[in-house]
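A short write-up of the structure that comes next.
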Amino acid sequence: MIPWFLSVPVLLVQTAPAPLPEVAAKDLPAAPRGPMAPRVPDAGADASILGRARLGARQGPSIPALQLPAGSVRVKDKVPDISGWRAYAIAVPGGGTVKVQVVEGRKAWFRVLGVNAWGMEEPGLLQNRIPTGEPRATYKNPTAEARTIYFIVDTLDVNMVGEAFTVEVTRG
């Protein structure tokens, strides 16, 4: 019989979770289509020439998206252009969940929006509406069939072209 005080240290030892695989955004394939531009206020808008250029870049019919791989992953990326946003397409199986969060970079200067193909919210999407400095959005698929959801990493400043960030995609 083992004395009880010898079993306590064994109970306290926990292993750290395995790190997520990292992938560079340049290595991700383009999604077949991207979401339409969401109808949300532009937090980085201003009346300068750069602000007007950003507004013009955001008025396209859709946002080009990158296709995320299956499983949980970390994506290293940069703000691609003056529009200030980058979209990621992800297939979520029926009943599945996914969380997308900016974990590296100037996190307080980003926000994450979850939208469907029409650029709108739908049941199962949870946005981080209160600015807490933790840019994230989640989706829980309420249906039995797979759905493609788009997560948009948006900047909160007018000139962040080339700003590096890392997105963590966690599937449940």
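The values are calculated or read from the model by the stated rules, or taken from the named source; none is laboratory data. Computed from a prediction, not measured in an experiment: that's the story for all the values here. Note that each Cβ is placed from the backbone with ideal geometry, even for glycine, and that neighbours are counted across all protein chains shown. These area figures cover heavy atoms from the full protein model, side chains too; ligands, DNA and RNA do not enter into them. Shrake-Rupley method; radii C 1.70, N 1.55, O 1.52, S 1.80 Å.
Cross-link partners among lysines for Lys26, C-alpha distance below 18 Å, same-chain residues fewer than 8 apart left out? Straight-distance partners of Lys26: Lys76, Lys78. With the helix formula -39500 (n - 2.57) applied to DSSP H stretches of n ≥ 4, the chain reaches a computed 222 nm mean residue ellipticity of -3000 deg cm²/dmol. Stretching Ser62 away from Lys140 to a fully extended chain increases their span by 25.7 nm, per 0.36 nm per residue minus the current alpha-carbon distance. Label zone (Arg33, point 7 Å along Cα-to-C-beta; backbone nitrogen cut-off 12 Å) within the stretch 47-66: 62-63. Listed by chain and number, the aspartates and glutamates placed with their C-alpha closer than 14 angstrom to that of Lys99 are Glu134, Glu168; residues fewer than eight positions away on the same chain are left out. The gain in end-to-end length when the Met120 to Lys76 segment is fully stretched comes to 13.3 nm, 0.36 nm per residue minus the alpha carbon separation. Separation of the stretch 18-66 from the stretch 83-132 is 12 Å, based on Cα centroids. Based on C-alpha pairs under 8 angstrom that are at least 6 apart in sequence, the chain has a relative contact order of 29 percent.
Rg/Rh for the stretch 92-137 (Cα atoms only, Rh after Kirkwood) is 1.00.
Couplings 3J(HN,Hα) for the stretch 92-98, derived from phi with the Karplus relation 6.51 cos²θ - 1.76 cosθ + 1.60 (θ = phi - 60°), are 10, x, x, x, x, 10, 8 Hz, where x marks Gly and Pro. Candidates [x] 10, 36, 32, 11, 6, 4, 2, 0; [y] 9, 35, 36, 14, 4, 1, 0; [z] 8, 24, 17, 9, 10, 14, 11, 5, 1; which is the computed P(r) over Cα pairs in 10 Å bins from 0, in percent? It is the value labelled [x].
Taking the protein heavy atoms of the stretch 33-172 in the context of the full set of protein chains, the accessible area attributed to carbon and sulfur is 58 percent at 1.4 Å. Near the amide H of Gly95, within less than 5 Å, lie the amide hydrogens of Asn141, Thr143, all on another chain or at least 5 residues away, with H placed in the peptide plane. Accessible surface of Lys107, taken over heavy atoms with a 1.4 Å probe and every protein chain present, rounds to 60 Å². With θ taken as phi - 60° and the Karplus curve 6.51 cos²θ - 1.76 cosθ + 1.60 applied, the whole-hertz 3J(HN,Hα) list for the stretch 108-116 is 5, 9, 10, 9, 10, 10, x, 9, 8 Hz, x standing for glycine and proline.
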